[in-house]
Amino acid sequence: MLKIGVLALQGAVREHVNCLHAPDVEVKIVKRVEELEKIDGLVFPGGESTTMRRLVNKYGFFEPLRQFSEAGKPIFGTCAGLILMAEDIKGETQSHLQLMDMEVQRNAFGRQRESFETKISVKDVGEDVEAVFIRAPLITGVGKEVEILSEFEGEIVAARQNHLLACSFHPELTEDARFHQYFVQMVRESKEAAADSMALT
Amino acid sequence: MADRGTDRVKRGMAEMQKGGVIMDVVNAEQAKIAEEAGAVAVMALERVPADIRAAGGVARMADPTIVEEVMSAVSIPVMAKARIGHIVEARVLEALGADYIDESEVLTPADEVYHLDKSEYTVPFVCGARDLGEALRRVGEGASMLRTKGEPGTGNIVEAVRHMRMVQSQVKKVTGLSKDELMTEAKNLGAPYELLLEIKENGRLPVVNFAAGGVATPSDAALMMQLGADGVFVGSGIFKSDQPDKFARAIVEATTHYEDYELIGRLSKGLGTAMKGMEISNLEPSERMQDRGW
């Protein structure tokens with residue numbers, strides 16, 4: 001069984017759990033650092049990034065999460081999760097986990113009244129993917145290693161860097177589970193690759 | 001095509017607040033303390049409920065200057081309160097850019113018969129409820145988030161507990177009813193049939209339900225989470241305590257780890273005095289905010 005965790009410090013956790021379902025997947029709620037050891041991939045849910053960051057520090061998740069990523073285990077961040085992963089936050093001196101080589105801008109579309117939903121095309125995931133943008137951030141710049149998966153009105157809204165996946169919208173608020181299933185496949189491949197390298201050594 | 005103000009966009013905003021604490025603030029300085037402590041949103045007010053009680057008279061929407069000041073001070077969402085049924089206060093707050101509007105019994109109602117048609121607005125609304133019927137009437141009008149009414153500004157958790165237990169037990173009951181019993185239940189509760197059907201199918205409320213109205217300590221917050229709240233509003237509890245920043249942090253952590261009693265014990269040490277509480281039975285009927293709205 002693949003074990004995929006959802007970081008449950010704050011935010012929309014249950015919605016992710018529903019979208020990750022697959023016959024070979026067991027979803028785990030992660031509230032404590034030691035629970036990271038038992039999982040093959042992790043989702044950073046949407047929520048309030050400032051709140052999540054404070055709780056990440058408070059419960060000693062900062063280094064363990066960076067190590068989780070360094071070990072090559074897949075991570076998928078949506079909205080606030082994307083902000084946690086970014087190398088830089090536009091206009092701010094301090095960013096968070098700095099896992100992914102990209103610059104992001106908070107609340108890039110404005111306040112809640114500017115929030116919206118739409119359908120977008122996502123490379124390797126599909127056409128007309130339902131996307132709900134809530135006080136959403138944008139990816140304003142990416143490094144060489146980062147592949148752009150989707151753009152909306154010329155702005156980057158989804159990207160991948162090897163084992164790291166991020167989007168500025170909320171696929172978990174829709175019935176459309178394709179984006180999550182793309183991530184589940186990333187976790188499958190990562191686990192198989194890890195098993196192969198174990199077999200070689 | 002980008003669609004604004006859809007149910008998914010409005011309800012989704014509340015989903016992102018789950019597991020968090022929303023704090024009442026009256027100025028930019030308090031808003032920053034709340035954000036720093038890990039609040040998921042702030043409610044911008046002219047006075048916290050305890051002071052509204054003390055001041056008496058008519059309580060109205062806050063001065064827009066306060067709402068704007070708070071919005072420019074923090075990056076987390078900013079909510080604001082409008083009087084029940086006050087169409088113009090709500091439209092003004094929407095125009096100002098408030099991220100969420102609380103159609104609130106803490107303010108003096110503008111209309112004793114009709115609540116706002118909240119489905120007409122782009123901005124989402126949160127409303128208070130004492131039971132499932134009231135909760136679903138508000139959702140029927142377009143509320144995207146619910147909270148218990150409790151008894152605001154008292155620092156006494158008993159009413160919030162009563163309202164949360166009531167809603168939870170009614171949700172459980174509806175989940176267990178057969179479909180042919182639903183219409184009678186809808187009649188008894190005074191709730192829209194379609195929403196009861198949705199509860200029966202999904203086993204839960206159609207929108208997020210926070211606790212509010214009397215949360216004064218970390219243990220109070222954790223208690224409400226155990227009773228099934230999706231998150232917690234703290235009104236007077238923080239800035240009426242001795243050490244607001246410490247109190248705020250402790251309440252945020254207790255809400256996240258509401259089943260970790262050792263932690264809550266540690267968090268509760270040396271917090272100083274909580275806000276002074278009030279016994280509900282000593283309130284005059286006219287002082288009971290929860291009885292405003294229907």
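Suppose the filter is more than 28 Å from B:GLU287 (Cα to Cα), within 14 Å of chain A (Cβ to nearest Cβ) and surrounded by fewer than 23 Cβ atoms within 10 Å (Cβ to Cβ); does B:VAL92 pass it? Even if it seems obvious, please write down each step before you answer.
Numbers: more than 28 Å from B:GLU287 (Cα to Cα): no; within 14 Å of chain A (Cβ to nearest Cβ): yes; surrounded by fewer than 23 Cβ atoms within 10 Å (Cβ to Cβ): yes.
Spelling it out, it is not the case that B:VAL92 is more than 28 Å from B:GLU287 (Cα to Cα), within 14 Å of chain A (Cβ to nearest Cβ) and surrounded by fewer than 23 Cβ atoms within 10 Å (Cβ to Cβ).
Test of understanding: among B:GLU15, B:GLU36, B:GLU29, which residue is acidic (Asp, Glu) and surrounded by 24 or more Cβ atoms within 10 Å (Cβ to Cβ)?
Numbers: B:GLU36 fails: surrounded by 24 or more Cβ atoms within 10 Å (Cβ to Cβ); B:GLU29 fails: surrounded by 24 or more Cβ atoms within 10 Å (Cβ to Cβ).
Matching residue, one of B:GLU15, B:GLU36, B:GLU29: B:GLU15.
Within the range B:62-70, is even one residue of a type in the set (Asp, Glu), touching a Leu at 6+ places or on another chain (Cβ under 6 Å) and touching a residue at least 40 places away in the same chain (Cβ under 8 Å)? Walk me through it before giving the result.
Step one: of the range B:62-70, the residues of a type in the set (Asp, Glu) are B:63, B:68-69.
Still in the running and touching a Leu at 6+ places or on another chain (Cβ under 6 Å): none.
No - not one qualifying residue is present in the range B:62-70.
Regarding A:PHE169, is this residue crowded, with 21+ Cβ neighbours inside 10 Å and over 30 Å from B:VAL123 (Cα atoms)?
Values: crowded, with 21+ Cβ neighbours inside 10 Å: yes; over 30 Å from B:VAL123 (Cα atoms): no.
Here the answer is no, as A:PHE169 does not meet what is asked.
Here are B:ASP242, B:ASP260: which of them is surrounded by fewer than 17 Cβ atoms within 10 Å (Cβ to Cβ) and either farther than 22 Å from A:LEU9 by Cβ or of a type in the set (Val, Ile, Thr) (or both)?
Details: B:ASP260 fails: either farther than 22 Å from A:LEU9 by Cβ or of a type in the set (Val, Ile, Thr) (or both).
Just one listed residue meets the conditions, B:ASP242.
Tell me which residues, restricted to the range A:25-56, are farther than 21 Å from A:ALA195 by Cα and assigned to a helix (DSSP H, G or I).
Hits for the range A:25-56 are A:VAL33, A:GLU34, A:SER49, A:THR50, A:THR51, A:MET52, A:ARG53, A:ARG54, A:LEU55, A:VAL56.
Looking only at the range A:35-56, count every residue that is away from chain B (no Cβ under 14 Å) and free of Cβ contacts under 8 Å to residues at least 24 places away in the same chain and tell me the total.
1
Here's a check for you: in the range A:1-30, which residue that is within 14 Å of another protein chain (Cβ to nearest Cβ) and free of Cβ contacts under 8 Å to residues at least 24 places away in the same chain is surrounded by the fewest Cβ atoms within 10 Å (Cβ to Cβ)? Full working, then the answer.
Pass one, the range A:1-30, residues within 14 Å of another protein chain (Cβ to nearest Cβ): A:6-19, A:29-30.
Imposing the further condition that a residue be free of Cβ contacts under 8 Å to residues at least 24 places away in the same chain reduces the set to A:14, A:17.
Numbers: A:ARG14: 16, A:VAL17: 18.
Filtering the range A:1-30 for residues that are within 14 Å of another protein chain (Cβ to nearest Cβ) and free of Cβ contacts under 8 Å to residues at least 24 places away in the same chain, the one surrounded by the fewest Cβ atoms within 10 Å (Cβ to Cβ) comes out as A:ARG14.
B:GLU112 - would you say it is of a type in the set (D, E, K, R) and surrounded by fewer than 23 Cβ atoms within 10 Å (Cβ to Cβ)?
Working: of a type in the set (D, E, K, R): yes; surrounded by fewer than 23 Cβ atoms within 10 Å (Cβ to Cβ): yes.
In short, yes.
Give me the helices (runs of 4 or more DSSP H) completely within the range B:1-63, filtered to those with at least 2 residues that are aliphatic (A, V, I, L, M) and within 14 Å of chain A (Cβ to nearest Cβ), ordered by residue number. So that I can check it myself, show each step before the final result.
Numbers: elements: B:7-15, B:28-37, B:49-55.
So the answer is B:7-15, B:28-37.
Which condition from (1) small (Gly, Ala, Ser); (2) within 14 Å of chain A (Cβ to nearest Cβ); (3) free of Cβ contacts under 8 Å to residues at least 12 places away in the same chain is the one that B:ALA254 breaks?
Result: B:ALA254 fails condition (3) only.
Go through the range B:283-292 and give me each residue that's of a type outside the set (Lys, Arg) and either at pLDDT below 90 or surrounded by 15 or more Cβ atoms within 10 Å (Cβ to Cβ) (or both). Step through it out loud before you land on a result.
Within the range B:283-292, the first condition is being of a type outside the set (Lys, Arg), and the residues that meet it are B:283-287, B:289-291.
Selection gives B:LEU283, B:GLU284, B:PRO285, B:SER286, B:GLU287, B:MET289, B:GLN290.
Sort through B:ILE238, B:ILE251 and tell me the only one that's touching a helix residue (DSSP H, G or I) at 6+ places or on another chain (Cβ under 7 Å) and at pLDDT 95 or above.
Values: B:ILE238 fails: at pLDDT 95 or above.
The conditions single out B:ILE251.
Scan the range A:133-167 for residues that are under 15 Å from the mean Cα position of the chain (by Cα) and either assigned to a strand (DSSP E or B) or within 13 Å of chain B (Cβ to nearest Cβ) (or both) and report the count. Let's see the steps before the verdict.
Pass one, the range A:133-167, residues under 15 Å from the mean Cα position of the chain (by Cα): A:133, A:136-139, A:146-150, A:156-167.
Still in the running and either assigned to a strand (DSSP E or B) or within 13 Å of chain B (Cβ to nearest Cβ) (or both): A:133, A:136-139, A:147-150, A:156-161, A:164-167.
Selection size over the range A:133-167: 19.
The values are calculated or read from the model by the stated rules, or taken from the named source; none is laboratory data. All figures in this text were calculated on a predicted structure; none of them were measured in a lab. Because the Cβ atoms are built from the backbone with ideal geometry, glycine has one as well, and the counts that use them run over all protein chains shown.
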